[in-house]
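Working notes, structure below.
The values are calculated or read from the model by the stated rules, or taken from the named source; none is laboratory data. On a predicted model such as this, the values are computed, not experimentally measured, just so you know. Every residue, glycine among them, receives a Cβ derived from its backbone with ideal geometry; neighbour counts consider all protein chains shown.
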Amino acid sequence: MDSSITTLPRVLATANAEGWLQVGELGLALLLSGVIGLEREIRQKSAGLRTHTLVGVGAALFTLISKYGFSDVLEPGRVVLDPSRVAAQIVTGVGFLGAGIIFVRRDSVHGLTTAAAIWVTAAVGACAGAGLPILAVTATGTYLLVAVAFPAITRRLPRSATAVSVIHVRYPDGQGILRRLLEVATSLGFAIDQVSTETLGWHPRSGAEGEGHGGAAAMVEVTMHVHGRASVNELAAALSELDQVDAVAADDVNVADE
């Protein structure tokens, strides 16, 4: 054989590393993300135990793939992979998932805390997958502290007298109820910044006088923008006790979103 022919270097592929260590890291992500999801499930939020657990396990799995999944295609000095690139994409992907949980209804925003919980769950899962169990457990404990203890603290903070809250009241039209609503609100120390009404149509009401509509009554929903130091939930409770008031919903800006 001609000695001038150069032999091509042989690349010995190394099998991808997988074993009980990786299973344990995935199991830790399952456990910790389940703890976060259980807290959300107890509070009956839109994203509960299953969603948070799947997010945490998925983030851990992507991190494990990034760490151990490409050993068979690496070639020393020629092919170099950055494991942090997959972990960085977890942040982007979970951001889109969290955005789908946040929704706006009229003047209030709901789901911010749940979206943040999903984001933290993904970080805990990635932390467990990266082989940082102490940090993952600490982050889970920190989340529970914020989710459980902080609402009790915020309820004891001084309330803003200028922040505007929104309250919606539904009642049958033509009964003079709006005047009574305003009287109750002002008697509880609330200032009313804006009032708007919307006709909802005809709805069945027991004892209603709408003879031309089969005993139904024309329903109206009034939206009031109020501010005061008292709790808007207390105002909602007082309004709901008024005769012929059909439904009351309140969005208190002084109460942290859950």
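Report whether or not ALA161 is of a type in the set (A, V, I, L, M), modelled with pLDDT under 85 and not in a helix (DSSP H, G or I). So ALA161 fits the description; yes.
Scanning segment 139-158 for residues that are outside any helix (DSSP H, G or I) and surrounded by 11 or more Cβ atoms within 10 Å (Cβ to Cβ) gives a single hit, ARG155.
Of all residues in segment 189-206, those being among the small types (Gly, Ala, Ser), in a loop (DSSP other than H, G, I, E, B) and modelled with pLDDT under 80 number 1.
Hey, among the residues in segment 207-223 that are modelled with pLDDT of 75 or more and more than 26 Å from the chain's Cα centre (by Cα), which one's nearest to SER165 (Cα to Cα)? The qualifying residue nearest to SER165 (Cα to Cα) is VAL222.
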